[in-house]
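The values are calculated or read from the model by the stated rules, or taken from the named source; none is laboratory data. All values reported here derive from a predicted model rather than from experimental measurement. Counting neighbours? That spans all protein chains shown, and the Cβs are built from the backbone with ideal geometry, glycine included.
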Ligand SMILES: NC(=O)c1ccc[n+]([C@@H]2O[C@H](COP(=O)([O-])OP(=O)(O)OC[C@H]3O[C@@H](n4cnc5c(N)ncnc54)[C@H](O)[C@@H]3O)[C@@H](O)[C@H]2O)c1
């Protein structure tokens with residue numbers, strides 16, 4: 001086990017005492033959609049929190065008491081600043097931390113394979129500053145094995161003092177765990193602290209410490225036996241969503257052909273009090289999780305000569321959805337004696353889901369590109385994005401259009417059903433509405449095409 005700390009108090013006890021006294025210093029690496037709210041949650045609970053990021057603009061913004069995330073108002077950051085929250089790009093300050101939590105991106109590379117470079121470079125930044133009795137937790141979504149096979153060796157090999165992680169039944173110097181993030185952007189129904197936190201440590205002490213730390217800000221902690229189980233639990237959650245969304249997307253296309261309203265069907269099926277959970281069709285998957293995470297497992301599975309067929313099939317169906325939407329626009333225009341070429345299309349909503357300011361992997365971007373390739377003149381409106389510049393895949397360079405003169409467009413295409421839109425007015429003023437989200441539910445008009 002780990003060394004005995006001063007005055008006969010074990011390292012584990014000392015860590016827990018610090019957590020209880022709120023003197024445990026918490027460092028959060030990666031101050032994005034996941035890391036910043038987490039840092040603020042620890043700060044709210046009176047922990048001394050330091051945020052680390054390589055993005056100098058984000059660090060300067062936070063230290064100036066401002067925010068770059070829509071759902072976090074500047075006042076929240078200012079309050080945190082008063083409680084001594086600060087952000088830094090100086091990774092040497094990691095050595096002062098008792099717990100370090102990693103929340104950096106885990107995207108796919110251009111070949112649709114896991115891109116772990118953010119995790120590996122973060123590990124390289126931590127390693128020189130590792131010290132005895134620190135707890136390191138990875139929160140980034142990733143394939144089972146990452147914590148032990150990727151993070152652990154970089155930390156140990158890069159540690160200047162030759163520190164070793166505490167392993168099952170062996171002594172060591174620092175603790176390592178994985179604890180997945182379960183953020184659901186835009187969901188106001190569950191308070192962050194009410195979302196149970198899964199933790200899996202490299203050894204029982206690491207699990208215990210991580211559970212203790214998170215237990216001080218979350219109402220329920222769910223320990224599992226090792227990091228891989230925690231990594232897999234997160235992937236199961238997201239694969240479950242991905243597969244079920246694919247199922248309803250496929251059934252939607254069948255229902256359209258059969259003249260059945262899929263939304264009505266889902267609503268009816270949802271009345272079953274057991275054994276059914278509603279998932280909804282849409283224009284395609286978006287966000288940093290559902291379109292990406294399942295492929296982390298597919299990639300890892302190959303190492304075990306295993307083919308994850310559900311994931312591949314779901315991916316195939318979901319990836320086709322933007323193409324289905326563009327085909328539907330083409331058909332709707334055709335019925336009105338118009339071609340896609342030279343038509344004016346207004347895309348309503350760019351975010352990958354309603355009421356959020358996140359554009360990553362949004363199907364709207366693919367849809368815009370496909371429409372432009374067919375010669376349409378595409379504009380967009382989204383209250384969350386005044387301008388769209390270069391993204392990971394697309395370089396649209398477009399400015400948000402206002403919602404005046406809707407009848408100038410040959411088609412208004414609802415891609416994201418933001419709550420702020422007045423759909424009745426939009427239907428009243430537009431020539432044609434193609435609705436991918438059932439946003440016009442309850443409005444009867446021959447101008448509406450649901451797809
Ligand atoms: N966004 C979500 O809703 C969500 C939900 C659950 C899980 N996750 C997972 O959480 C992780 C983080 O996602 P996110 O949405 O917060 O990403 P993000 O892009 O919003 O934020 C990541 C932050 O990490 C910083 N960063 C990158 N490399 C760094 C480095 N080497 N050192 C320090 N900082 C670095 C970036 O500058 C950025 O501020 C991902 O693995 C994601 O899959 C995200």
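The combined condition, being assigned to a helix (DSSP H, G or I), touching a residue at least 60 places away in the same chain (Cβ under 8 Å), buried (at least 21 other Cβ atoms within 10 Å of the Cβ) and within 14 Å of the ligand (Cβ to nearest atom), is fulfilled by residue 126. Within the option set 423, 394, being without any contact (Cβ under 8 Å) to a residue 40 or more places away in the chain and in contact with a helix residue (DSSP H, G or I) (Cβ under 7 Å, 6 or more places away or on another chain) holds for one residue only, 394.
Only a single item in (1) more than 11 Å from the ligand (Cβ to nearest atom); (2) within 25 Å of the chain's Cα centre (by Cα); (3) at pLDDT below 95 is not met by residue 137, and it is number (3). When region 177-191 is examined, which residues are found to be more than 10 Å from the ligand (Cβ to nearest atom) and surrounded by 17 or more Cβ atoms within 10 Å (Cβ to Cβ)? Once the filter is applied, which keeps residues that are more than 10 Å from the ligand (Cβ to nearest atom) and surrounded by 17 or more Cβ atoms within 10 Å (Cβ to Cβ), region 177-191 yields 177, 178, 179. Going by the conditions given, is residue 376 on the phi < 0 side of the Ramachandran plot, at pLDDT 95 or above and more than 23 Å from the chain's Cα centre (by Cα)? Answer is yes for this residue. Being within 18 Å of residue 414 (Cβ to Cβ) and either in a helix (DSSP H, G or I) or free of Cβ contacts under 8 Å to residues at least 24 places away in the same chain (or both) is a property that residue 356 lacks.
Among the candidates 415, 388, the residue that is within 23 Å of residue 437 (Cα to Cα) and at pLDDT below 95 is uniquely 388. When residue 148 is tested against (1) within 14 Å of the ligand (Cβ to nearest atom); (2) in a helix (DSSP H, G or I), only condition (1) is not met.
Regarding region 269-282, can at least one residue be identified that is in contact with a helix residue (DSSP H, G or I) (Cβ under 7 Å, 6 or more places away or on another chain) and within 16 Å of the ligand (Cβ to nearest atom)? The answer is no, given that none of the residues of region 269-282 is in contact with a helix residue (DSSP H, G or I) (Cβ under 7 Å, 6 or more places away or on another chain) and within 16 Å of the ligand (Cβ to nearest atom). Taken over region 419-428, the criterion of being touching a strand residue (DSSP E or B) at 6+ places or on another chain (Cβ under 9 Å) and either surrounded by 22 or more Cβ atoms within 10 Å (Cβ to Cβ) or not in a loop (DSSP other than H, G, I, E, B) (or both) is satisfied by 423, 426, 427.
The criterion of at least 3 residues that are crowded, with 18+ Cβ neighbours inside 10 Å and in contact with a strand residue (DSSP E or B) (Cβ under 7 Å, 6 or more places away or on another chain) is met, among helices (runs of 4 or more DSSP H) falling completely within region 198-299, by 204-215, 227-258.
Pairing each residue of region 14-39 that is on the phi > 0 side of the Ramachandran plot with any residue that is within 16 Å of the ligand (Cβ to nearest atom), provided the two are 6+ apart or on different chains, yields C-beta distances under 7 Å for 30/53; 30/102; 30/103; 30/104.
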